[in-house]
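**Student:** The structure that follows is given in the form of structure tokens.
Each reported figure results from applying straightforward, stated rules to the coordinates on display, with no laboratory input. Not measured: the values here are computed from a predicted model. A quick note on method: Cβ atoms are made from the backbone with ideal geometry, for glycine too, and the neighbour counts reach across all protein chains shown.
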Amino acid sequence: MAKKAKRAVVTGGAGFIGSHLCDALLGDGCEVVCLDNFVTGSAANVADAGGNPRFTVMEADVTEPLEVEADMIFHLASPASPLDYYAMPVETLMANSLGTMNCLDAAARLGARMVMASTSEVYGDPEVSPQTEEYYGHVNPVGLRSCYDEGKRFGEALCKACERMYETEVVLVRIFNTYGSRMRRDDGRVIPNFVRQALDGEPLTVYGDGNQTRSFCHVSDMVKGLILAMNTEEAAGEVINLGNPNEMRVIDLAARIREKIASDSGLTFEALPQDDPLQRKPDITKAMKLLGWAPRVGLDEGLDDVIAWFTEGGG
């Protein structure tokens with residue numbers, strides 16, 4: 001008798017990372033339910049998966065109870081771009097509070113493991129670098145970014161409370177800057193901003209002096225890490241950073257993108273947004289030891305992916 005395929009629910013499954021995760025899970029032979037309200041996600045992101053009989057799209061809001069059956073729940077539903085969560089602060093907080101609780105309720109009811117997609121933003125504008133999972137963060141709880149920063153911090157606390165009280169099996173994954181195809185042209189994050197502007201011959205907008213640092217993980221690497229977090233028995237109850245530790249200055253990223261596109265776009269400088277972190281670099285020691293995971297895609301290869309995506313009309 002054939003072994004029954006595992007069934008995964010991906011909230012936010014039509015989003016940038018979520019849609020790539022759905023594809024990878026289908027490739028692993030899983031049945032996949034993509035749950036999305038399409039506020040920031042796109043039906044085009046899951047159009048190819050739509051032809052797979054093991055794939056279902058459920059248009060729903062994670063702030064409503066999850067009427068699903070699953071062995072695995074990946075909770076990615078939340079606006080993640082600053083432009084989006086600045087425009088939808090209450091929705092962002094609800095997705096990461098009530099939405100997280102609904103996922104936890106479903107996980108407890110079904111006996112399913114849950115992976116919560118948290119964020120490096122829980123570290124705020126860090127006072128230590130690289131950031132380890134033990135670092136508590138330096139976050140403004142009432143600033144413009146707090147709807148996302150504190151929403152994710154509350155979601156993490158809720159997961160740990162349910163783990164302690166109800167023995168719900170949860171893995172908290174703190175996602176650092178991720179990029180790749182299916183990002184939107186109007187996403188507002190630095191790589192799509194720079195690529196779009198360079199392709200359009202516009203000046204690249206640098207916030208602050210450009211000496212702030214970021215580290216960029218290609219979406220294919222990130223998806224592998226999320227699946228390992230779900231499938232690695234020893235990961236239960238853990239908090240795990242996933243990201244690329246190769247740190248670089250934003251102004252150097254601008255130069256790299258202009259060079260790759262052969263763009264003569266100049267630079268324009270604007271004020272640094274409130275609470276924008278000056279450093280972002282993950283310590284991935286735990287992911288390497290526990291999951292056997294490390295990013296494999298280099299920045300040049302990953303940027304080629306994004307440039308091709310926008311050149312071919314994506315986003």
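**Student:** I'm trying to understand the selection: among the residues of segment 176-196, which are buried (at least 23 other Cβ atoms within 10 Å of the Cβ) and on the phi < 0 side of the Ramachandran plot?
**Tutor:** Listed by number, the residues that qualify are Phe176, Thr178, Tyr179, Met183, Phe194, Val195.
**Student:** Determine, yes or no, whether Ala70 is under 15 Å from the mean Cα position of the chain (by Cα), surrounded by 15 or more Cβ atoms within 10 Å (Cβ to Cβ) and assigned to a loop (DSSP other than H, G, I, E, B).
**Tutor:** no
**Student:** Can we say Gly302 is surrounded by 14 or more Cβ atoms within 10 Å (Cβ to Cβ), within 22 Å of the chain's Cα centre (by Cα), assigned to a helix (DSSP H, G or I) and touching a residue at least 24 places away in the same chain (Cβ under 8 Å)?
**Tutor:** Considered against the rule, which asks whether it is surrounded by 14 or more Cβ atoms within 10 Å (Cβ to Cβ), within 22 Å of the chain's Cα centre (by Cα), assigned to a helix (DSSP H, G or I) and touching a residue at least 24 places away in the same chain (Cβ under 8 Å), Gly302 comes out as yes.
So that you can scan it fast, the table gives a plain yes or no per residue for (1) assigned to a loop (DSSP other than H, G, I, E, B); (2) touching a Ser or Thr at 6+ places or on another chain (Cβ under 6 Å); (3) within 20 Å of Ala8 (Cβ to Cβ):
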| site | (1), (2), (3) |
| --- | --- |
| Cys103 | no, no, yes |
| Ala106 | no, no, yes |
| Glu127 | yes, no, no |
| Pro141 | yes, no, no |
| Asp149 | no, no, no |
| Lys152 | no, yes, no |
| Cys162 | no, yes, yes |
| Arg184 | yes, no, no |
| Val195 | no, no, no |
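**Student:** Scan segment 224-250 residue by residue and report those that are more than 18 Å from Thr285 (Cα to Cα) and either outside any helix (DSSP H, G or I) or among the β-branched types (Val, Ile, Thr) (or both).
**Tutor:** Passing the criteria: Met248, Arg249, Val250.
**Student:** Gly237: within 28 Å of Asp23 (Cα to Cα) and either crowded, with 20+ Cβ neighbours inside 10 Å or of a type in the set (A, V, I, L, M) (or both), yes or no?
**Tutor:** No: the conditions fail for Gly237.
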